[in-house]
Amino acid sequence: MSDQLEQPPAAIAGLGLTDVGKVYDRSATDLAAEAVRLAANDAGLAVSDLDGLLVSPGTQGAPKLSLQKVLGLRDLRLLAEINALGASPGVMIAHAAATIAMGGASAVACVFADTPLKPKGSGRDAFGTPRSGPRGFAGYHAGIGLVSPNLFYALAARRHFATYGTTSEQLGAIAVAQRAWAADNPAAQFREPISLAQHQESPLIADPLHLYDICLVSNGAAAVIVTSAERARDLAQPPVDILGWAQAHPGRVQHDDSDFGLRTGAADAGPRALRMAGVRVEDVDLLQLYDCYTYTVMVTLEDYGFCPKGEGGKFVAEGHLAPGGDLPCNTGGGQLSAFYLTGFTPLVEAVVQGRGQAGARQVDQRDVIMVSGNGGILEHHATLILSGAGR
Amino acid sequence: MTETPDAWPAIQRDTKSAPFFDAAARDELVIKRCTGCGQALPPEALVCTTCAGTALDWIPAEGSGTLLTWTTVHRAPNRAYTDLVPYTVGIVELSEGPWLYARVDTARPSPDLPLRAEFVHPGDGESYPVFTAAE
């Protein structure tokens, strides 16, 4: 451990997670308020102790700034909506930690909620584009059938396959490993083990992506409370220290020097976050990676430097990530098997593991936990380096 | 819009896309070019991703390229495409350099497959390019 680890500026002191999945009778704002109350209570704080609130709206446009009023919060010193899509939690936590380190706030709730699922609706109806759609080039995309994130990620994965020889079976190893982890997560929506053969036999959605390569769709909310690391040590839960963070937003280049599908913002943000934390990739004990698709996990592992570029497929097939492996990854089942609260899915599991509260799936080593967030079509990346060493 | 089975959703132009669809109606492909640095850009570009310049003009493209990546869609993204699956869309790297999202009509898509633009002229909606394997 380097000197930088001894006095981190801030820590995650509280965690709130509502019911997730087919939760139909609640608004996103209502769920967000519950998550903040749960997180404050979990930390041993009253809601009125909060002096900061960062709100990440979901796909339906809520929750918003008005969550302050819903929670009855007065005299906040920090309040903002923050939206970097799936990278939002990393952006919110970095902002909260930096503000706390500079004395601008003392207890900041960061919250996300979403309700894309409707009764009798399926996941694709939740995120698909209706037929009476946009005009111009957006209309052109609809007119050629290029309308779902699944297709764009399939294009990204296919380029990786074509360039490096990555295979669907290799991606399947990620889905199988995460489902094995989910078996021991009571909050996971899918806990029945799957085999590689079942992954291969699952319906092709958009070649090369099978059904089991694709995340769930969930309704629900999650929140964390960020305080100074010092204060966190006097609160109710084991602190999860915030050691480092970085963002990268590469921008979409649509001509012949684009690395779309091959390299993502993780390659830029990951090393910077590790440097801020004063640790190396070899020091990482535990990974919680944004897994909208199995492909995203694989390319993030390469970009963070856990294996050479182009060898992510081979690496994931070697079993490092699964229960019993030497690099536990997405130990709650992730977005593929547990629940989809965008960047809060990996973050929630990082906090549970960092505290040592993961029950049967708890890993031994949790001094350096690397967490990724990914937004849009690989357009926004945030990395967090957390630690459960302060327990 | 038509609800006829087997029909692709009709495309409606807007001001910014009008030159692209006018060209497609003439069986021609046009792209953008940055007047500042000369970078060739895809037709939907509004800003140059090389120099951030905003002065772009339209230039003719050969209508040829190679297949950079593709996906064959087996499950309809939503109900509008139920009768259209399976279909293949991809990124075509045009000879001039820009990438174009396009329908790809070939039985055997493969990396770097040479492609040629053909143009479809639906009864309802705008004309647009579909790429097929070059002879």
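From Cα pairs below 8 angstrom and at least 6 apart in sequence, can you work out the relative contact order of the stretch A:200-267, rounded to a whole percent?
On the way: 23 pairs, mean separation 10.0, N = 68.
Across the stretch A:200-267, relative contact order equals 15 percent.
Can you work out the base-10 log of I(q)/I(0) for chain B at q = 0.11, 0.18, 0.20 1/Å, using the Debye formula on its C-alpha atoms alone?
-0.43, -1.07, -1.24
Give the residue list of GluC sites (Glu not before Pro) in the stretch B:1-99 that are DSSP loop and have at most 10 other beta-carbon atoms within 10 angstrom. Let's see the in-between values first.
Numbers: sites: B:3, B:28, B:44, B:62, B:93, B:96; in loops: B:3, B:28, B:44, B:62, B:96.
When the GluC sites (Glu not before Pro) of the stretch B:1-99 are filtered for loop state and at most 10 Cβ neighbours within 10 Å, B:3 remain.
Would the stretch A:260-391 count as rounded, prolate or oblate if I go by the C-alpha gyration tensor, calling it rounded below 1.5 in a/c and otherwise prolate when a/b exceeds b/c, oblate otherwise?
Here the stretch A:260-391 falls in the rounded category.
Rg to Rh ratio, the stretch A:1-69, alpha-carbon atoms and Kirkwood radius?
Rounded to two decimals, Rg over Rh is 1.08.
Hey, rough spin-label estimate for residue B:130 and residue A:169, points 7 angstrom out along Cα→Cβ, what's it come to in nanometres?
Spacing of the two 7 Å Cα→Cβ label points: 3.5 nm.
Straight-line reach from residue A:309: which aspartates and glutamates fall under 18 Å, measuring Cα to Cα and dropping same-chain residues less than 8 apart?
A:257, A:259, A:268, A:282, A:318
Using the 2.2 N^0.38 Å rule of thumb for compact globular proteins, work out how the protein assembly as shown stacks up: its C-alpha Rg over that value, please.
In units of the 2.2 N^0.38 Å rule of thumb, it is 0.99.
Using only protein heavy atoms and a 1.4 Å probe, how much accessible area in total is buried between B and A, to the nearest 100 Å²?
By this definition, chains B and A bury close to 4000 Å².
When chain A is modelled as a GNM with alpha-carbon springs shorter than 10 Å, which of A:144, A:93, A:12 fluctuates the most?
A:144
What's the ranking of A:220-226, A:258-264 by average number of surrounding C-beta atoms within 10 Å, highest first?
Working: A:220-226: 30.7, A:258-264: 20.0.
The packing order, highest mean first, is A:220-226, A:258-264.
What does the C-alpha gyration tensor say about the overall shape of the stretch A:127-203? Classify as rounded when a/c is under 1.5, otherwise prolate if a/b is larger than b/c, or oblate.
oblate
Counting other Cβ atoms within 10 Å, keep those with at most 14, restrict to DSSP loop, and tell me which chymotrypsin sites (Phe, Trp or Tyr not before Pro) in the stretch B:77-135 are left.
Nothing satisfies the criteria.
Mind putting a number on the dipole of the protein assembly as shown about its Cα centre? Charges go on the C-beta only, +1 for Lys and Arg and -1 for Asp and Glu, and I need it in Debye to the nearest 20.
Values: 39 positive and 57 negative charges, 199 e Å.
Computed charge dipole of the protein assembly as shown: roughly 960 debye.
Do any trypsin sites (Lys or Arg not before Pro) in the stretch A:74-122 lie in a loop, going by DSSP, with at most 13 other beta-carbon atoms within 10 Å of their beta carbon, and if so which?
Working: sites: A:74, A:77, A:120; in loops: A:74, A:77, A:120.
Taking the stretch A:74-122 and a limit of 13 other Cβ atoms within 10 Å, the loop trypsin sites (Lys or Arg not before Pro) found are A:74, A:120.
Roughly how big is chain B's charge dipole about its Cα centre, with Cβ charges of +1 (Lys, Arg) and -1 (Asp, Glu), in debye to the nearest 20? Walk me through the numbers before you get to the answer.
Values: 10 positive and 18 negative charges, 73 e Å.
With Lys and Arg at +1 and Asp and Glu at -1, about 360 debye.
I'd like the distance separating the alpha-carbon centroids of the stretch A:141-208 and the stretch A:33-106, in whole Å.
33
Rg and Dmax in Å for the stretch A:262-334, alpha carbons only: what are they?
Looking at the stretch A:262-334, its Cα Rg and Dmax stand at 11.6, 31 Å.
Given axes a ≥ b ≥ c from the Cα gyration tensor, I'd like to know whether the stretch A:177-263 is rounded (a/c under 1.5), prolate (a/b larger than b/c) or oblate.
Because a/c hits 1.5 or more and a/b fails to exceed b/c, the stretch A:177-263 counts as oblate.
Taking only C-alpha pairs under 8 Å that are 6+ residues apart, what is the relative contact order of the stretch A:283-360 in percent?
Once normalised by length, the contact order is 34 percent.
How shielded is A:194-204 by partner chains, expressed as the average number of their Cβ atoms within 10 Å of its Cβ atoms? Please list the in-between numbers first.
Details: counts 0, 0, 0, 0, 0, 0, 0, 0, 0, 2, 6.
Shielding by partners across A:194-204 averages 1.
Using only the alpha carbons of the stretch B:68-135, what is the convex hull's orientation-averaged projected area in square nanometres?
5.3
Quick check for you: with a 1.4 Å probe and neighbouring chains kept, what is the accessible area per residue of the stretch A:229-331, in Å²?
36
Which one, A:373, B:8, A:43, projects farthest toward the positive side of the charge dipole computed for the protein assembly as shown from Cβ point charges (K/R +1, D/E -1)?
The residue sitting farthest along the positive end of the dipole is A:43.
Mean Kyte-Doolittle of at least -1.0 and a Cα length of 18 Å or more along the axis: which whole DSSP H helices of chain A meet both?
On the way: long enough: A:28-43 (22 Å, 0.32); A:88-101 (19 Å, 1.24); A:149-164 (22 Å, -0.01); A:168-182 (21 Å, 0.29).
The answer, listed by residue number, is A:28-43, A:88-101, A:149-164, A:168-182.
Evaluate the relative contact order of chain A (contact order divided by residue number), counting alpha-carbon pairs under 8 angstrom at least 6 apart; express in whole percent.
Normalised by residue count, the contact order of chain A is 25 percent.
Please get the size of the charge dipole for the stretch A:277-391, origin at its Cα centre, with Cβ charges of +1 on Lys and Arg and -1 on Asp and Glu, quoted in debye to the nearest 20.
Rounded to the nearest 20 debye, it is 280 debye.
The values are calculated or read from the model by the stated rules, or taken from the named source; none is laboratory data. All values reported here derive from a predicted model rather than from experimental measurement. Every residue, glycine among them, receives a Cβ derived from its backbone with ideal geometry; neighbour counts consider all protein chains shown. For the accessible areas, the whole protein counts, side chains as well, though only heavy atoms, and no ligand, DNA or RNA atoms are used. Shrake-Rupley method; radii C 1.70, N 1.55, O 1.52, S 1.80 Å.
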